Amino acid sequence: MNKMSKKFPGKMNKISKNNFITYLLVLVLYIVIQVLLATGNVSSLMEGLLVPLCIYVMLAVSLNLTVGILGELSLGHAGFMCVGAFSGAFFSKCINGAMPDALRFIIALLIGALMAGIFGILIGIPVLRLKGDYLAIVTLAFGEIIKNLVNVMYIGRDGNGFHFSMKDFLSLNMEADGEVIVNGAQGITGTPHDANFTIGVVLIFLSLVIVLNLIHSRAGRAIMSIRDNRIAAESIGINITKYKLMAFSISAAIAGVAGVLYAHNLSTLTALPKNFGYNMSIMILVFVVLGGIGNIRGSIISAIVLTLLPELLRGLSDYRMLIYAIVLIVMMLFNWSPKANEWKEQVKEKYFSRRVSKGKGVK
Amino acid sequence: MSLLEVKNLTISFGGLRAVDDFNIEIKEGQLYGLIGPNGAGKTTVFNLLTGVYKPNEGIIRLDGRDITGLKTMDINKAGIARTFQNIRLFKALSVLDNVKAGLHNTYHYSTIEGILRLPSYFKVEKEMNERAMDLLKVFDLDGEADYLAANLPYGKQRKLEIARALATNPKLLLLDEPAAGMNPNETGELMDTIRFVRDEFKMTILLIEHDMKLVSGICEELTVLNFGRVLMQGKTSTVLNDPQVITAYLGE
Amino acid sequence: MSFISYLINGISLGSVYAIIALGYTMVYGIAKMLNFAHGDVIMVGAFTVFTIVSTLGLPPALGILVAIIVCTVFGITIERVAYKPLRNAASPLAVLITAIGVSYLLQNLALIIFGANTKSFTSVVAVKPLKLAEGNLVISGETIVTIIVGIAVMIILSLFISKAKAGQAMLAVAEDKGAAQLMGINVNKTIALTFAIGSALAAVAGVLLCSAYPSLTPYTGAMPGIKAFVAAVFGGIGSIPGAMIGGILLGIIEIFGKAYISSQMADAIVFAVLIIVLLVKPTGILGKKIQEKV
């Protein structure tokens, strides 16, 4: 052991330390918010944002697995969230009362993850053969199709069992005692309200464990090697299809869990452009890119900041989304433009590095 | 018996026969050179041997096993590893992780074991680290194990690519212009490394190279390719002194 | 008879998509970026015409002219301020996200200026509907004008690119920025010109779209923008004839899907066709196959 740690100066430690900071960040935020809640310092509006915040963090972390670690641009992440939301809510609605609530909710979460994961594989098989922007537009297309299909889906249940239709409520042909579970564009109503902030944070932790441990393992290395150079990865015997699908479906499954949480936080679940459309997918992508592509902790921070920003700007009423847009553009320019980076380097050199290392010429 | 046996290998791109009736036999432990003017089809031969392209005709046998038409991934598992003319490292991974990626099929634990951090994860990762560090030492890269591959100087990047290829535990190593862009000092050093790899790992090596000093210095046998066809094959000294070969290189 | 009428409507809607997709594809070809804000430039054009014609009561022709100018100025400014600094950014995603930011910006500017209420857009087309087959087949003036303008735009643009020096410069920059620069082409100017043309086309598309479908909100441009993006990919992104074919096919598929399958599912059908096309031909109908050199 000792010989090992000498050989790798801080290598393993650096990774675990980095991950530890990420976990700690979530924990500290959780405790701070709990304290604020207990002392009554959180407005009811902000309180209502806590579960959505957890959902966005999970979505951002999971999308970063596809975009940052696998290196493929997906614009359909909300579609997987939609699959998870509807399958989880469907299960809860069917079972409600027949088993203990906690158990039912856990199973609903697993079903959401499983269904979204299966969709991830089914969609991933054709999609991951494509490249770059073509892949992006096809994921967007799949996301829109999922949202669209959910809106014309009718499922009911009566004494004879389940009825399914893609046309309308009446085509379900149910007995008088029948109950509609999924009602087309009206979606699912009366999903039990199981979600709360603590559950959300626990799910964030689980997502982080899965994603971070995956990244720093044999499979994660394979996934990142495909991202960095597909041809070289093939040449050293890495199964491209397998690892691409693995990353894509795990990412989808976590989005599915976020969807289940979303569904159990609302009394009515409908598939609208704003919650499951491409706009949502794009918003998640914004979190990922702004937080740093491949940087999981960055995704968490930017999801939190960008979700709270419009609320913090609420006083500015109409102007808040405008300011949000400007802030987004300015942050992107500041973080990514080569000129801005050059300038930041110069500032750093001028004010910080001189003191540390003398004799380094100033440009 | 020959380790690599290639017969009548042919591929056309839109009517152009890039490689035409290519034959080669390489014995175990040999250091073999594939030379020829630019555009002769040398890299295409490598791409055919590693399954990047599927040949129109011909048979490739490795250690007696027919590997023609297999996927790149399976050809690597069968025992051929390569480097690339335009270096293809995993740039955002550390030097150590580049080699560990090469160890992917030699050391196993499941993804679930990795996510749950079961004891097998720690045990196998430790073994992988040790093996990878041993390989990096051979190439004098152990000091840079934590660096990002992209931050290595050019010559070291070429070495890292060889280390990564060796990590897959191949029977045959293909090197595509390993000395490209190196100065004479670095080339000399590289020659020693290649010889060392052959002796230490009992490796069979087929290399493409333009640097005649390297070719004449370490290759035992040569095949000269011109316009996709084999111009000549044989002992290095014989081939390099052949008037036909000299003409092919210098032009009429 | 209804089949023919659907087909004509499809071609009309497709012409609008094609005009938008042309802008998309030109910008993609030259700047290698997905300009997510392109759809919102359509909205800017439509609101400009709305202000001049409906609010100020000035003639439509003036409105269209001003809309084209306004959109061109917007296009050039957006490129200069938001996209150009990121041209050599470490990740191509940076400029994509910035484009999304610009899209939000334009939508929210419109929201502040014009409010969220749907405005009813007065058609700028004065052509009388065409009655054929004893009145069984009525083709609206908007449809006729849209198709004619669509064809005209395509012809002019094709001629511009194949004949004019600036058009040739665009092709050169799209092919290889570095080489174009070495040949003495002003790359910055050429890219700005591309954005200008794309945005002017977006203005035209906005007017046509809102004349045919007269409800106007700050989000009017978003979906047609995405559809045109789909059309561009469909035809092979970066390819000008591809954008035309993709746009028109998309319009026809959408109208037929609405008419014969399900109006709720029309968008899903459009996207499904896109997926099928890309699976069969991964770079679109007229897209070039790119082989990575090993």
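The values are calculated or read from the model by the stated rules, or taken from the named source; none is laboratory data. Fair warning: this is a prediction, and the values are worked out from it, not measured in the lab. Positions of Cβ are backbone-derived with ideal geometry, glycine not excepted, and every protein chain shown enters the neighbour counts.
Within segment B:62-73, identify whether any single residue is under 16 Å from the mean Cα position of the chain (by Cα), assigned by TED's automatic domain parsing to the domain that holds B:Pro178, touching a residue at least 24 places away in the same chain (Cβ under 8 Å) and crowded, with 20+ Cβ neighbours inside 10 Å, and answer yes or no.
Taking segment B:62-73 and keeping what is under 16 Å from the mean Cα position of the chain (by Cα), we get B:62, B:72-73.
Keeping just the survivors that are assigned by TED's automatic domain parsing to the domain that holds B:Pro178 gives B:62, B:72-73.
Applying the additional criterion that residues be touching a residue at least 24 places away in the same chain (Cβ under 8 Å) yields B:62.
Retained after the next criterion (residues that are crowded, with 20+ Cβ neighbours inside 10 Å): B:62.
Within segment B:62-73 (the criterion being under 16 Å from the mean Cα position of the chain (by Cα), assigned by TED's automatic domain parsing to the domain that holds B:Pro178, touching a residue at least 24 places away in the same chain (Cβ under 8 Å) and crowded, with 20+ Cβ neighbours inside 10 Å), the answer is yes, since at least one residue qualifies.
Yes/no matrix, rows are residues, columns are (1) closer than 30 Å to B:Gly69 by Cβ; (2) outside the structural domain of B:Leu160 (by TED's automatic domain parsing); (3) acidic (Asp, Glu):
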{"residue": "B:Ser94", "(1), (2), (3)": "no, no, no"}
{"residue": "B:Asp97", "(1), (2), (3)": "no, no, yes"}
{"residue": "B:Ala101", "(1), (2), (3)": "yes, no, no"}
{"residue": "B:Thr111", "(1), (2), (3)": "yes, no, no"}
{"residue": "B:Arg117", "(1), (2), (3)": "no, no, no"}
{"residue": "B:Ser120", "(1), (2), (3)": "no, no, no"}
{"residue": "B:Lys123", "(1), (2), (3)": "no, no, no"}
{"residue": "B:Glu127", "(1), (2), (3)": "no, no, yes"}
Next item on the list: Would you confirm whether any residue within segment A:94-105 is surrounded by 15 or more Cβ atoms within 10 Å (Cβ to Cβ), part of a helix (DSSP H, G or I) and in contact with a His (Cβ under 9 Å, 6 or more places away or on another chain)?
Entry: yes
Next item on the list: Kindly state which strands (runs of 3 or more DSSP E) lie completely within segment A:133-218 and contain at least 3 residues that are surrounded by 15 or more Cβ atoms within 10 Å (Cβ to Cβ).
Entry: A:154-158, A:179-183
Next item on the list: Inspect all residues belonging to segment C:55-77 and state whether any of them is within 14 Å of chain A (Cβ to nearest Cβ) and without any contact (Cβ under 8 Å) to a residue 12 or more places away in the chain.
Entry: yes
Checklist line | Which numbered condition A:Gly132 fails, given (1) within 10 Å of chain C (Cβ to nearest Cβ); (2) at negative phi; (3) not hydroxyl-bearing (Ser, Thr, Tyr) | finding: (2)
Next item on the list: Could you figure out which of (1) without any contact (Cβ under 8 Å) to a residue 12 or more places away in the chain; (2) more than 14 Å from chain C (Cβ to nearest Cβ); (3) of a type in the set (D, E, K, R) isn't true of A:Glu175?
Entry: (1)
Next item on the list: Being surrounded by fewer than 24 Cβ atoms within 10 Å (Cβ to Cβ) and either among the hydroxyl-bearing types (Ser, Thr, Tyr) or closer than 17 Å to C:Met244 by Cβ (or both) is the filter here, so list the residues in segment C:9-56 that pass it.
Entry: C:Gly10, C:Ile11, C:Gly29, C:Thr48, C:Thr51, C:Ser54, C:Thr55
Next item on the list: Name every residue in segment C:254-276 that is part of a helix (DSSP H, G or I), within 14 Å of chain A (Cβ to nearest Cβ) and out of contact with any Leu (no Cβ under 9 Å at 6 or more places or on another chain), in order of residue number.
Entry: C:Gly257, C:Lys258, C:Ile261, C:Ala266, C:Asp267, C:Ile269, C:Ala272, C:Ile275, C:Ile276
Next item on the list: State which residue is farthest from C:Leu193 (Cα to Cα) when the search covers only segment C:78-90 and only residues that are buried (at least 18 other Cβ atoms within 10 Å of the Cβ) and without any contact (Cβ under 8 Å) to a residue 24 or more places away in the chain.
Entry: C:Ala89
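If the requirement is being of a type in the set (Asp, Glu) and at pLDDT below 90, which of these qualifies: C:Glu292, C:Glu254?
Values: C:Glu254 fails: at pLDDT below 90.
Unique residue meeting the criteria: C:Glu292.
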Notebook entry, point to check: Being at pLDDT 85 or above, touching a helix residue (DSSP H, G or I) at 6+ places or on another chain (Cβ under 9 Å) and not small (Gly, Ala, Ser), is that true of even one residue in segment A:9-19?
Noted result: yes
Item checked: Subset tally (residues that are more than 8 Å from chain A (Cβ to nearest Cβ) and under 19 Å from B:Lys156 (Cα atoms)) for segment B:99-130 -> 1
Check: So which strands (runs of 3 or more DSSP E) stay within segment B:1-41 end to end and still have 1 or more residues that are in contact with a Phe, Trp or Tyr (Cβ under 7 Å, 6 or more places away or on another chain) and assigned by TED's automatic domain parsing to the domain that holds B:Thr204?
Finding: B:2-13, B:16-27
Notebook entry, point to check: Which of the residues spanning segment A:236-248 are surrounded by fewer than 22 Cβ atoms within 10 Å (Cβ to Cβ) and either more than 11 Å from chain B (Cβ to nearest Cβ) or basic (Lys, Arg) (or both)?
Noted result: A:Lys242, A:Leu245
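Tell me the residue from C:Ile185, C:Ile155 that is at pLDDT 90 or above and either in contact with a strand residue (DSSP E or B) (Cβ under 6 Å, 6 or more places away or on another chain) or not in a helix (DSSP H, G or I) (or both), please.
Values: C:Ile155 fails: either in contact with a strand residue (DSSP E or B) (Cβ under 6 Å, 6 or more places away or on another chain) or not in a helix (DSSP H, G or I) (or both).
Step by step, each of C:Ile185, C:Ile155 is checked, and only C:Ile185 is at pLDDT 90 or above and either in contact with a strand residue (DSSP E or B) (Cβ under 6 Å, 6 or more places away or on another chain) or not in a helix (DSSP H, G or I) (or both).
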